[in-house]
Amino acid sequence: MLEALEGSQAIARAVALCRPGVVAAYPITPQTHIVENISKLVADGKLNTELVSVESEFSAASVVLGASAAGSRSYTASSSQGILLMTEVLFNISGMRLPVVMTCANRAIGAPINIWNDHSDSMAVRDSGWIQLHCADNQEAVDTTIQAFRIAEATELPVMVCMDGFVLTHTLETLEIPDQDLVDRYLPPFVFNRMLDPQNPLSLGTLVGPEYFSETRHLAHEALNQSASTIVDVDREWQNLTGRSAGGLLSVEGPDDAKIGVLAMGSVVSTFREAMDCLAAEPAKLMALRAFRPLPEEAIRSACAGLDHLVVVDRALSPGFGGIVGGEIKAALSGMKDAPQIYNVAIGLGGRDVPLEMWPRLLDVPKQGGGFRILDLEPAKLGEMS
Amino acid sequence: MSEMNDPRARQPRFRGLEAGHRACQGCGEALAARLVTESAGPDVILTNATGCLEVFTTPWPQSAWRVPWLHSLFENSAAIASGVEAALKAQGRRSKVIAMGGDGGTFDIGFQALSGMLERMHNVLYVCYDNEAYMNTGIQRSGSTPHAARTTTSPPGKERMGKRHLKKDLLSIIAAHHIPYAASASVAYPQDLRRKVRRAMEIDGPTFLLVHSPCPLGWGHDGSETIQVARLAVQTGLFPLVELERGEVASVMPLRQRVPVAEYLCRQARFRHLFADDDHRAQEEREHLQALADYNIERYGLDGDGDDPFDADGADTIRRGGPANS
Amino acid sequence: MPIPMNRGAFALAGSSLAFKTGTWRSAKPVHVHAAAPCHGACPAGEDQQAWLALLQEGHPQQAWESLVAANPLPSVTGRVCPHPCESACNRGHYDSPIAIHAVERWLGDQAIQNNWPYPRLPGSPRPERIAVVGAGPAGLSAAYHLARRHYNVVLMDAMPAAGGLLRSAIPPTRLPRDVIDAEIRRLLAVGIEFRPRAALGRDITLEELRSEFDAVFLAVGAGKSRHWDVDGAVPADLHEGLGLLREWLAVGAIPKPNAVVIHGGGNTAVDLARVMRRAGVRDVHVVTASGLPGPDTDPDDVLNVVPRELEQAIEEGVQFHPHRTINRLIMRGSKVVGVEMVRLKKLPDGHGHKARVSFEGTETVLHVDMVVPAIGEVVDPTGLGAILNGRDFIDTDMFGTIAGHPGLFAGGDCRGWIKKLTNGTVSAAIGDGRRAAEGIDALLSGRSPMEASRPALPFADLNLAYYESAPRIALPTLPLSQRDDSREIEGGPDTSQALAEAARCFSCGNCLACDNCWTLCPDNAVLKTRETCSDGSHYLFDYEFCKGCGLCATECPCGFISMVNDD
Ligand SMILES: Cc1cc2nc3c(=O)[nH]c(=O)nc-3n(C[C@H](O)[C@H](O)[C@H](O)COP(=O)(O)OP(=O)(O)OC[C@H]3O[C@@H](n4cnc5c(N)ncnc54)[C@H](O)[C@@H]3O)c2cc1C
Ligand SMILES: Cc1ncc(C[n+]2csc(CCOP(=O)(O)OP(=O)(O)O)c2C)c(N)n1
Ligand code: SF4
Ligand code: SF4
Ligand code: SF4
Ligand code: SF4
Ligand SMILES: [Mg+2]
């Protein structure tokens, strides 16, 4: 059914459709509306879940860790400082192979404190062993949220659904909220065979010494790599049911013979889609990278075949290095025959607006050449801040 | 094992913690965990903070636990226990959740998660194995380390006499959460400990147990003296055994006779500097610790009036066939 | 093959059993069945700890059976034994010793009341015949222990009834005759042929006995008074103490002077003093070289009587003059009118022994009209000439063997002093009889005799934290005004008192199944068993896992666990 909903509200509805056993979250802008909406659904009797009103994000993550280990479908959500406070637990959840789903309402990280959108938070936990899926719009976010439980439970890996704070979470859009029946068919009840159970008393979270630690890391790496095919399959199945894809690992739009491409993640993809439609610019391919972890190297390479230039858009940066996605794409394409020339810029940091006009500016980057830079930097303002 | 075939399998009591764990010889924490899990029975799920107990019980691929057990981090035992409990509720399962942590994981780094768990009234028994320092990392001071004790981060020297600060009064803080039941116990009084575990297990709601658990390595006493040392801590008044219901003192283990704290201190290397002949500060600190014990005795009214089978002299009495007070 | 890493690195329940922590150990705990001090001190050889344990478990008949495995006369010894076991009892260092004698008496009386049969050892009848001469405690004990082992025993005595001094000398106020009768009757019923009025040397010779029987045990006691004079002076109408007591018991007659001095420090002296006092003699003095019990008196130097007898005697008005001897008789003609006493003490003589030294200048005079020596008896040589060889007592080893006379054994009051074995008491006589039965059985079975001996458990090896202080039971005693010549003065405990007293026992050296080791081993290395293990306990050490911390040994209340090197 088509409904006009705020992004956060839609996510709450999607989560409810997945019938989580335990939800734990702590307020932080711009995620707050999600936990508020879930609380309301619970209060109204529309969602039957154990909602744990924790005293911190650290405990939110710990609660879902425990709940998942005890065999309940578990969900949490956070942003920015909250994600960082969770960090230790996030590594634990993946290391223990627990299928937790979390929404990251992406936001910048202080100091200086800033509540607006960029990708610094999810990037900071890039190596935590979670699957990270980025959403271009709220429909994708709804669909990805539902898929995330399927992926997580099939792979026993945690999934972080990244959606841009405010831009998506606080925006009213008309979107399709699937039927409960459909979701029930798509997402079977959670069965966890390592569940904490007095009838089968396992010990989870053991100490592993040097004799075996490399093997555990290897297995974690393999598990993430192999999850790529699950992500694709699960999205294809969803498409068969609903007619909508949430973007697989990576989706590519634009003319086949374009010589320039732009790779981006998150809501800017929607902005660029619109710009491609309504602004006259040179023909270009838009690559929406949905799966940042696992990074689909093969899919990226084939999407880049035939391109001369590729502009990689980052929404965060690694000071002293540059763009994080950019660096990774360079690595992914290194050694590729006839690889495009790669340019890397960061835009929209800490909520700086990314207007439609950004699209032609991006296509212009190869002409200007040069290394990584913040494209929408306003140099005149630097004097005040240095 | 020649004497009877497989007597281990036929023990007339439940074993939550199995042999083959790697605790030091005479470890009070291992004993405490054994006693707690034994009394709690098989229908439990445990969570465990990082610390000695976690490390010595679960070096992969082995585990000494016979009940489901979950370890995550140093500071989140109470929080993961909250999650486990929430999941059980969601699933309609009725097993009791027991969260466990050392004093470091409870008094200090895990305190916030614990407070949250108590405030949210989770049906969890939290057990703190209090060995009064961070033992797993090599004996560093914690909020629970007694005043004047030597640890590797509170060494005595020209300018210091061991830990400068006092042992945190955790129980009072717990009491302020107004939870149904909180108690302190000691490995020296296993019957009392068992009774307290059973009492806590019966309650549907958050409960808390602080179990004094000597660490031979960290306290510097022989592994064979663990019980003696623990008993003296109670008998001197330094570690009062009390029960709190909704934050109010409901009962205490009275002392039949006050044992001077020096008798407790002199058995442990961590207090050895308090017996230096040529240092006036030594006597001062001994007196300070005596005054702290006297303060506890006064505050909780520990002085007994006449012999009581449940006082600190009577509570561990045995008779043929078992403890006299069971 | 390495173990494959699993998903999330989980581990299976109890899989730590694959890790044998026993390899860490440098010392290991073992169960040591040390002897309780009470057992070591008991002349009869009882294991009081064992029977108190059975009583604690609520099995009085089994407790009695365990008791009579050593001592067949508990109703008697429970009344008259000076109970050195209680002096040795570890509980004495804690609050007050277990009233072992009282519980012993209670068990004996229960057996009489309920007619519990004396158990025999398993085995089949033996063809050999054994003669026991003298049916005092030594002879009764030997006959019983031999009959228990299925020998044919003939017990003979010069007197018309069995009992020896129990019957002929110990006043009924301390040992009622129905108790003696009941216990002896039941004992003889084990299968002993008793021949009264059969005196060795009168009715039969030793040679005849030796040819008729495979072994002979002599238990004739010490029936002849020791010679007594003071510097060669003897009053004309001298009566010695044991004779007076015997006469009083036989016909009820006792002399009634105004004041009497009894010379001696044993049971005869004290019993006679009490009898005379109760008969109305105004001043009854006992002069003895021994001391009264007290902090200044060496335990070896105390009057050789049951402590409570002494108390009661003093209560009854007997005047004791300890550490004194009679220096001179003050005579008017051949009649005594007083004695001169002098203080003395046993002191080292410079040759490793002790000698009595009297102190000049400490002489005092007692005005009395009668002097009674009660300084002890020696063996009556009638019929024993060759064996005695002119000495006062028969020399034997601990099994009663008489060197140079194979097949001939002796014990009880008639044997000489053997190092470490107390003499001159009922229980010592019973112990002699028991060990002689072993000696005889060993001889007839062609093996060496054995007496189990275990090191005693020192008080320091107990962990007192686990015991509660509890008062020793107080036994009912007849008030002075009601004491006469026949009523028993001291009463026995009632059932609840007996059980309460048994419950006080520490169980020294012997597992009391308190579960401490099982409860307190941090490593689950103590296992509890339903069946009893070979060491008599219900606990096993699992050495695969025991780390040797020693905690169980420290916390074992009764010293049953000890750490031994395990390199
Ligand atoms: C007055 C008195 C009070 C005592 N009180 C106590 C007391 O309270 N506690 C205690 O432990 N001890 C006491 N004793 C000591 C105790 O009675 C003796 O140590 C014990 O009886 C010795 O036992 P026995 O079998 O060796 O000798 P006896 O009891 O003397 O028995 C010897 C037996 O041998 C018989 N006999 C002797 N010669 C012959 C022969 N030729 N032919 C056949 N039969 C013969 C005698 O008739 C007698 O029955 C007391 C002794 C006396 C005298
Ligand atoms: C966040 C974090 N900080 C520090 C540590 C290191 N660490 C592990 S256990 C421990 C001390 C444990 O002390 P306590 O809780 O008292 O348990 P014990 O080992 O004494 O039983 C420390 C400091 C850690 N694991 N995690
Ligand atoms: S260091 Fe202390 S707490 Fe840790 S295992 Fe050893 S004795 Fe136990
Ligand atoms: S306490 Fe018991 S076992 Fe120990 S010496 Fe006394 S009676 Fe014997
Ligand atoms: S307590 Fe356990 S580990 Fe320690 S010595 Fe005894 S049996 Fe061995
Ligand atoms: S501790 Fe108790 S159960 Fe264990 S051996 Fe000693 S007495 Fe027996
Ligand atoms: Mg600690």
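Table: residues versus (1) within 29 Å of B:Ala30 (Cβ to Cβ); (2) touching a Gly at 6+ places or on another chain (Cβ under 6 Å); (3) within 12 Å of ligand 6 (Cβ to nearest atom); (4) more than 13 Å from chain B (Cβ to nearest Cβ).
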{"position": "C:Asp461", "(1), (2), (3), (4)": "yes, yes, yes, yes"}
{"position": "C:Leu464", "(1), (2), (3), (4)": "yes, no, no, no"}
{"position": "C:Ala474", "(1), (2), (3), (4)": "no, no, no, yes"}
{"position": "C:Ser507", "(1), (2), (3), (4)": "yes, no, yes, no"}
Tally, over region C:132-143, of residues that are more than 7 Å from ligand 1 (Cβ to nearest atom), farther than 18 Å from C:Gly78 by Cα and in contact with a Leu (Cβ under 8 Å, 6 or more places away or on another chain): 2
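Taking strands (runs of 3 or more DSSP E) that fall entirely within region B:186-262, which contain at least 3 residues that are of a type outside the set (D, E, K, R) and either closer than 16 Å to B:Tyr129 by Cβ or within 16 Å of ligand 4 (Cβ to nearest atom) (or both)?
On the way: elements: B:207-212, B:242-245, B:248-252.
Of the strands (runs of 3 or more DSSP E) lying wholly inside region B:186-262, those with at least 3 residues that are of a type outside the set (D, E, K, R) and either closer than 16 Å to B:Tyr129 by Cβ or within 16 Å of ligand 4 (Cβ to nearest atom) (or both) span B:207-212.
Going through region B:66-78 one residue at a time, which ones are closer than 24 Å to B:Ala113 by Cα and at the interface with another protein chain (Cβ under 7 Å from one of its Cβ atoms)? Quick ask: steps written out before the conclusion?
Narrowing region B:66-78 to residues closer than 24 Å to B:Ala113 by Cα: B:67-78.
Within region B:66-78, B:Val67, B:Pro68, B:Trp69, B:Leu70, B:His71, B:Ser72, B:Leu73, B:Asn76 qualify.
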Contacts under 6 angstrom Cβ, first residue in region C:543-565 being facing chain B (nearest Cβ under 7 Å) and at negative phi, partner among the β-branched types (Val, Ile, Thr) and within 16 Å of ligand 3 (Cβ to nearest atom), 6 or more apart: C:Phe545/C:Thr21; C:Lys547/C:Thr21; C:Leu551/B:Thr226; C:Glu555/B:Ile227
Test set (1) at pLDDT below 95; (2) more than 9 Å from every other protein chain (Cβ to nearest Cβ) - C:Glu57 fails condition number: (2)
Test: A:Leu295 is surrounded by fewer than 24 Cβ atoms within 10 Å (Cβ to Cβ), closer than 15 Å to A:Val268 by Cα and touching a residue at least 12 places away in the same chain (Cβ under 8 Å): no
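Kindly indicate the residue of region A:218-263 that is under 30 Å from B:Arg22 (Cα atoms) and surrounded by 12 or more Cβ atoms within 10 Å (Cβ to Cβ) and also nearest to the other protein chains (Cβ to nearest Cβ) among those meeting that condition.
Of all residues in region A:218-263, those under 30 Å from B:Arg22 (Cα atoms) come to A:218-220.
From what's left, surrounded by 12 or more Cβ atoms within 10 Å (Cβ to Cβ): A:219-220.
Working: A:Leu219: 6, A:Ala220: 10 Å.
Per the criteria, the residue is A:Leu219.
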Set C:Ser469, C:Ser537: member being among the hydroxyl-bearing types (Ser, Thr, Tyr), within 30 Å of B:Pro7 (Cβ to Cβ) and within 14 Å of chain B (Cβ to nearest Cβ): C:Ser537
Residue within region A:41-60 that is more than 14 Å from every other protein chain (Cβ to nearest Cβ), touching an Asp or Glu at 6+ places or on another chain (Cβ under 9 Å) and modelled with pLDDT of 95 or more present: no
Filter result (over 26 Å from B:Ala23 (Cβ atoms) and within 15 Å of ligand 5 (Cβ to nearest atom)) within region C:512-538: C:Cys533, C:Asp535
Filter result for B:Ala19 (more than 11 Å from chain A (Cβ to nearest Cβ), in contact with a His (Cβ under 7 Å, 6 or more places away or on another chain), aliphatic (A, V, I, L, M) and crowded, with 24+ Cβ neighbours inside 10 Å): no
Residue within region C:209-223 that is over 26 Å from C:Pro127 (Cα atoms) and surrounded by fewer than 16 Cβ atoms within 10 Å (Cβ to Cβ) present: no
Complete set of residues in region B:33-46 that are within 16 Å of ligand 5 (Cβ to nearest atom) and touching an Asp or Glu at 6+ places or on another chain (Cβ under 9 Å): B:Arg34
Check on B:Ala312, under 28 Å from B:Pro180 (Cα atoms), of a type in the set (A, V, I, L, M) and buried (at least 16 other Cβ atoms within 10 Å of the Cβ): yes
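On the given criteria, is C:Glu86 away from chain B (no Cβ under 14 Å), charged (D, E, K, R), within 16 Å of ligand 4 (Cβ to nearest atom) and crowded, with 24+ Cβ neighbours inside 10 Å?
On the way: away from chain B (no Cβ under 14 Å): yes; charged (D, E, K, R): yes; within 16 Å of ligand 4 (Cβ to nearest atom): yes; crowded, with 24+ Cβ neighbours inside 10 Å: no.
Taking the combined requirement at face value, the residue does not satisfy it.
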Any hit, region B:257-265, residues being away from chain C (no Cβ under 14 Å), closer than 27 Å to B:Ala175 by Cα and in contact (Cβ under 8 Å) with a residue 24 or more places away in the chain: yes
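I'd like to check which strands (runs of 3 or more DSSP E) are fully inside region A:253-336 and have at least 2 residues that are closer than 18 Å to A:Glu140 by Cα and not assigned by TED's automatic domain parsing to the domain that holds A:Phe166.
A:260-264, A:284-289, A:291-293
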Options C:Ala147, C:Ala131; residue that is away from ligand 2 (no atom under 16 Å from the Cβ), crowded, with 23+ Cβ neighbours inside 10 Å and over 18 Å from C:Pro72 (Cβ atoms): C:Ala131
Matching residues, region A:91-126, being surrounded by fewer than 24 Cβ atoms within 10 Å (Cβ to Cβ), assigned to a helix (DSSP H, G or I) and hydrophobic (A, V, I, L, M, F, W, C): A:Phe91, A:Met123, A:Ala124
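Can you tell me which residue among B:Leu171, B:Leu241, B:Leu193 is of a type outside the set (D, E, K, R), more than 16 Å from ligand 5 (Cβ to nearest atom), out of contact with any Asp or Glu (no Cβ under 6 Å at 6 or more places or on another chain) and more than 27 Å from B:His288 (Cα to Cα)?
B:Leu193
State whether the residues of region C:522-536 include one that is charged (D, E, K, R), within 15 Å of ligand 4 (Cβ to nearest atom) and touching a residue at least 24 places away in the same chain (Cβ under 8 Å). First the steps, then the outcome.
First, pick out the residues of region C:522-536 that are charged (D, E, K, R): C:523, C:528, C:530-531, C:535.
Checking which are within 15 Å of ligand 4 (Cβ to nearest atom) leaves us with none.
No, region C:522-536 contains no residue that is charged (D, E, K, R), within 15 Å of ligand 4 (Cβ to nearest atom) and touching a residue at least 24 places away in the same chain (Cβ under 8 Å).
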Output for region B:142-164, where each listed residue is surrounded by 18 or more Cβ atoms within 10 Å (Cβ to Cβ) and small (Gly, Ala, Ser): B:Ser142, B:Gly143, B:Ser144, B:Ala148, B:Ala149, B:Ser154, B:Gly162
Within region A:61-73, tally of residues that are buried (at least 24 other Cβ atoms within 10 Å of the Cβ) and within 7 Å of chain B (Cβ to nearest Cβ): 9
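Looking at C:Asp523, C:Asp515 in this structure, which one is facing chain B (nearest Cβ under 7 Å) and out of contact with any helix residue (DSSP H, G or I) (no Cβ under 8 Å at 6 or more places or on another chain)? Steps first, please.
Details: C:Asp523 fails: out of contact with any helix residue (DSSP H, G or I) (no Cβ under 8 Å at 6 or more places or on another chain).
When all the criteria are applied, what remains is C:Asp515.
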Residue ID - farthest from the chain's Cα centre (by Cα), chosen from residues in region A:159-171 that are in a strand (DSSP E or B) and closer than 11 Å to A:Asp137 by Cα: A:Asp164
Unmet criterion (only one of (1) at pLDDT below 95; (2) of a type in the set (D, E, K, R); (3) surrounded by 14 or more Cβ atoms within 10 Å (Cβ to Cβ)) for A:Glu384: (3)
Residue ranges of strands (runs of 3 or more DSSP E) in region A:21-82 with at least 3 members aliphatic (A, V, I, L, M) and at negative phi: A:22-24
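The values are calculated or read from the model by the stated rules, or taken from the named source; none is laboratory data. What you are looking at is a predicted structure, and each value in this text was computed from that prediction instead of being measured. Note: ideal-geometry Cβ built from the backbone for every residue, glycine included; neighbour counts use all protein chains shown.
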